[in-house]
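These notes concern the structure reproduced below.
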Amino acid sequence: MNKDYVGWGVVGCGVISPWHIENVKKTPGAKMVAVCDILEDKAKEKAEMAGGCDYYLDFEEMLKREDLDVVSICTPSSMHPDMAVLAAKYGKHVLTEKPMATTLAKADEMINACKNAGVKLACIFQRRMTEPFISIKKAVDSGEIGKLALADMYAKYYRSQAYYDSAGWRGTWEFDGGGALMNQGIHMIDMLQWLVGDVDEIYAICRTQVHKIEVEDTAIATIKFKNGTVGVIEGTTSVYPDVPHRLELHGDKGTIMLSGEGISKWSVIGPDGQPLDKLTSGVGVNQALTNPTDISMEGHGIIIADLVNCVNTGKEPIVPGTEGRKALEIILAIYESSKTGKPVKLPLKS
Ligand SMILES: NC(=O)c1ccc[n+]([C@@H]2O[C@H](COP(=O)([O-])OP(=O)(O)OC[C@H]3O[C@@H](n4cnc5c(N)ncnc54)[C@H](O)[C@@H]3O)[C@@H](O)[C@H]2O)c1
């Protein structure tokens, strides 16, 4: 690079794009140089948000810019892979929103294209970057709660029919790639596998209970991890009012439970053999994420700052494509199990 900043572009100027634009503006060594959307008013609005950068209505035209180094892909989910492959062809690094793809074949295509072009592929899973998830990860990895026996995840959200009707791609197999799990529950499914490890087998039932959409709005699954831990996944966008998502980890030396974005229980065996309550603060406990935009800015900011460093140093991103792929594979296994009525073993064929 013959310039002293990493030039950033954002494609898809919808709901999530400000999390990219505002964070790039705040990140030392990064600069917004362009945005793109097929809808001119959206592109124009986000170009202003970006500080008056150029805007494009055609993605490939934006990719021709020499001062563009990284592209944030914020378009409907199934569009991410082809856009990533095109960006790689132009030698641009990629930051993709979740899910990185809606099929494993497409996820692999983008991983390989970026690898072969020598560009970075980073994925958004913002909760991996922030508390209390970082502390929970350290506790589980250090054996603080012992051998895990049960690991459960509940993502019981509410989305109105108006939400699904607000953009033509929402709730469709073709563009959303799934529903309550592929779009909303994916974050907590990623947390579950990040904390517990690789999945061995899944048995699931998915249903479309209350919305006029093609994809599931309610799903339940039992899950067996490779390390022997078992648990359940429940994900929905059908229940009113939505309740804070929960993650519950139980080992033979302790229990950690998360409610919303806060810890609700952290208890381990104390020196006297009695339960020791390690919960000192209830801040953040029981926050329900009522709106799709109830997302902290912090996680995206850390991933963006990390990617700037990766571009400058050659290091691998904090959430590379191979990590972004894991929750996708679990969700696709859930869909397959529900469709066939049978347990499904991982890894899946891509
Ligand atoms: N990380 C998170 O917590 C989080 C939150 C919300 C959304 N997302 C993800 O972000 C992605 C976008 O979601 P959203 O809610 O912002 O959607 P949105 O519908 O609000 O925005 C998508 C934008 O892409 C534009 N677009 C469509 N085709 C295009 C093309 N060919 N070229 C350029 N622009 C095009 C649309 O006009 C629209 O403005 C999805 O994959 C979603 O899963 C992630």
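Values quoted throughout were computed directly from the atomic coordinates according to the rules given, and no laboratory measurement underlies them. Everything quoted here is computed from the prediction, not taken from an experiment. Because the Cβ atoms are built from the backbone with ideal geometry, glycine has one as well, and the counts that use them run over all protein chains shown.
Residues are listed down the side, and each one gets a yes or a no for (1) part of a loop (DSSP other than H, G, I, E, B); (2) surrounded by fewer than 21 Cβ atoms within 10 Å (Cβ to Cβ):
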residue	(1), (2)
Gly168	yes, yes
Asn183	no, no
Ile186	no, no
Ile189	no, no
Ala204	no, no
Val215	yes, no
Ile220	no, yes
Leu247	no, no
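Only one entry of Val239, Val199 meets the criterion of being hydrophobic (A, V, I, L, M, F, W, C) and either within 16 Å of the ligand (Cβ to nearest atom) or closer than 23 Å to Arg128 by Cβ (or both), and that entry is Val199.
Within the range 74-121, if we keep just the residues that are surrounded by fewer than 20 Cβ atoms within 10 Å (Cβ to Cβ) and basic (Lys, Arg), the residue that is nearest to Trp169 (Cα to Cα) turns out to be Lys89.
Note on the range 1-45: residues that are among the small types (Gly, Ala, Ser), under 19 Å from Phe59 (Cβ atoms) and assigned to a strand (DSSP E or B) total 3.
Yes/no per residue for (1) within 14 Å of Leu328 (Cβ to Cβ); (2) among the small types (Gly, Ala, Ser); (3) assigned to a loop (DSSP other than H, G, I, E, B); (4) within 15 Å of the ligand (Cβ to nearest atom):
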| site | (1), (2), (3), (4) |
| --- | --- |
| Thr75 | no, no, yes, yes |
| Leu95 | no, no, no, yes |
| Ile111 | yes, no, no, no |
| Cys114 | no, no, no, no |
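Residues in the range 193-205 that are within 17 Å of the chain's Cα centre (by Cα) and under 20 Å from Asp217 (Cβ atoms): 0 in all. Among residues of the range 1-20 that are at positive phi, those with a beta-carbon under 7 Å from a residue that is within 11 Å of the ligand (Cβ to nearest atom) at least six positions away or on a different chain give the pairs Gly12/Asp37; Gly12/Ile73; Gly12/Cys74; Gly12/Thr75.
Reported count of residues in the range 110-131, each being more than 23 Å from Trp19 (Cα to Cα) and of a type in the set (Val, Ile, Thr), is 1. For the range 328-340, does any single residue satisfy the condition of being in contact with a Phe, Trp or Tyr (Cβ under 8 Å, 6 or more places away or on another chain) and closer than 20 Å to Ile202 by Cβ? Yes, some residue in the range 328-340 is in contact with a Phe, Trp or Tyr (Cβ under 8 Å, 6 or more places away or on another chain) and closer than 20 Å to Ile202 by Cβ. If the condition is being in contact with a strand residue (DSSP E or B) (Cβ under 6 Å, 6 or more places away or on another chain) and either assigned to a strand (DSSP E or B) or within 16 Å of the ligand (Cβ to nearest atom) (or both), then the range 118-143 contributes Leu121, Ala122, Cys123. Before we move on, is Ala47 in contact with a Cys (Cβ under 7 Å, 6 or more places away or on another chain) and either more than 9 Å from the ligand (Cβ to nearest atom) or more than 23 Å from Asp306 (Cα to Cα) (or both)? Answer is yes for this residue.
In the condition set (1) touching a residue at least 40 places away in the same chain (Cβ under 8 Å); (2) of a type outside the set (Ser, Thr, Tyr); (3) farther than 25 Å from Met297 by Cα, Val85 is compliant with all but (1). Of the residues making up the range 52-73, those that are within 14 Å of the ligand (Cβ to nearest atom), surrounded by fewer than 24 Cβ atoms within 10 Å (Cβ to Cβ) and not aromatic (Phe, Trp, Tyr) number 5.
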